[in-house]
């Protein structure tokens, strides 16, 4: 009964005030455009957030290999060897500029995992869990076996909603 009254009222309004309906439609289009702008701003703001800043050297802002190794629960020596970095050099200066290209994919893996699991413990559990997509290896084993690209692809696809 109420629905019937509303429908007949809407019909009466549309006949009496067609310009009002046009304005309402125009406002809805403007609101949709504004919502899309807001969504774009939110996406931009998210891309400006530094994820896991604790993995960076406070003075230089660069990724610190020791902090990454500690976060992942592996000795620095194993991480350095897996990333083809000289252990003694990494030990002396774990955030050296020359190590950044090797550390960036591992940091990206940890960033993606942080989006899924914001607790460091959960990230460590995930990287230590065998995965069928890695032929039963853990992500940590894959990273230490110089296969971090495989882990990165799996996580980027998952973040993008692409099934494995």
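The values are calculated or read from the model by the stated rules, or taken from the named source; none is laboratory data. Because the structure is a prediction, the values reported are computed rather than measured. Note that we place each Cβ from the backbone using ideal geometry, even for glycine, and neighbour counts take in every protein chain shown.
For every residue, the table says whether it meets (1) buried (at least 19 other Cβ atoms within 10 Å of the Cβ); (2) assigned to a loop (DSSP other than H, G, I, E, B); (3) free of Cβ contacts under 8 Å to residues at least 40 places away in the same chain.
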site	(1), (2), (3)
108	no, no, no
113	yes, no, no
122	no, no, yes
151	yes, no, no
Complete set of residues in region 128-146 that are outside any helix (DSSP H, G or I), free of Cβ contacts under 8 Å to residues at least 12 places away in the same chain and within 13 Å of residue 79 (Cα to Cα): none
Residue check for residue 97: over 18 Å from residue 51 (Cβ atoms), assigned by TED's automatic domain parsing to the domain that holds residue 57 and either under 17 Å from the mean Cα position of the chain (by Cα) or surrounded by 16 or more Cβ atoms within 10 Å (Cβ to Cβ) (or both): no
Candidate set: region 131-149, residues that are exposed (fewer than 13 other Cβ atoms within 10 Å of the Cβ) and touching a helix residue (DSSP H, G or I) at 6+ places or on another chain (Cβ under 8 Å); chosen: the one nearest to residue 107 (Cα to Cα): 149
Filter pass, residue 43 being modelled with pLDDT of 95 or more and either more than 17 Å from the chain's Cα centre (by Cα) or part of a helix (DSSP H, G or I) (or both): no
Qualifying residue in region 155-163 (condition: assigned to a helix (DSSP H, G or I), more than 23 Å from the chain's Cα centre (by Cα) and either crowded, with 19+ Cβ neighbours inside 10 Å or modelled with pLDDT under 95 (or both)): no
